[in-house]
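Each remark here refers to the structure printed beneath this line.
The values are calculated or read from the model by the stated rules, or taken from the named source; none is laboratory data. Nothing here was measured: the structure is a model prediction, and the numbers come from that model. Ideal geometry is used to build each Cβ from the backbone, glycine not excepted, and the neighbour counts take in all protein chains shown. Accessible surface is based on the protein model in full, side chains and every heavy atom, while ligands, DNA and RNA are left aside. Shrake-Rupley method; radii C 1.70, N 1.55, O 1.52, S 1.80 Å.
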Amino acid sequence: MAKSRRHILLVEEHRDVRAAFVALFERLYDYALHTADSPRDALGITGRRNVDVAVVDLGLGIKLNARLAMIRAWRREGLVF
């Protein structure tokens, strides 16, 4: 029986960093990589798809608060432990 692909969510605003993750995880390791450049987009993805792991660039300043709020929302919904 074929093993199903693992799904990774990457929340990163820098296009070059997202491209590097795609090159590594999709092309080299055959993971399904879903990218978001904002917490709002990330919440939309997790609302439509189950992901196995999320890699979140926490950043600094007000963006940090939004990303931490996103993680708290995932916890409330039982998506992370």
Q. Which value in deg cm²/dmol, rounded to the nearest 500, describes the helix-derived mean residue ellipticity at 222 nm for the chain, given -39,500 (n - 2.57) per DSSP H run of n ≥ 4 and division by the residue count?
A. -12000 deg cm²/dmol
(Q) Just checking my list [x] 12.5, 38; [y] 12.1, 32; [z] 13.0, 47 against Rg and Dmax of the Cα atoms in Å computed from this structure; which label fits? (A) [z]
Q: Could you check how much of the accessible area of the chain is carbon and sulfur, as a whole percent, using a 1.4 Å probe?
A: 54
Q.
To test your reading of the geometry: what angle, between 0 and 90 degrees and rounded to tens, separates the Cα axis of helix 62-76 from the longest principal axis of the chain?
A. 70
Q: Work through the residues other than residue 20 whose Cβ is under 15 Å from its Cβ and net out their charges, Lys, Arg +1 and Asp, Glu -1.
A: -3
Q.
So, R0 is 22 Å and r is the distance between the beta-carbons of residue 66 and residue 16; what FRET efficiency does that work out to, to 0.05?
A. 0.55
(Q) Just want to confirm a number: the relative contact order over the chain, from Cα pairs under 8 angstrom separated by 6+ residues, in percent. (A) 34
Q: For the stretch 1-40, run through the chymotrypsin sites (Phe, Trp or Tyr not before Pro) and keep only the ones in DSSP coil with at most 11 other Cβ atoms within 10 Å of their Cβ.
A: 29
Q. Per-residue HN-Hα couplings for the stretch 43-48, Karplus 6.51 cos²θ - 1.76 cosθ + 1.60 at θ = phi - 60°, whole Hz, x for Gly and Pro?
A. 5, x, 5, 5, x, 9
Q: Return the single residue from 48, 67, 27 with maximal mean-square fluctuation; model: Gaussian network over the chain, springs between Cα atoms under 10 Å.
A: 48
Q: Could you state the accessible area per residue of the chain in Å², with a 1.4 Å probe and every protein chain left in place?
A: 73
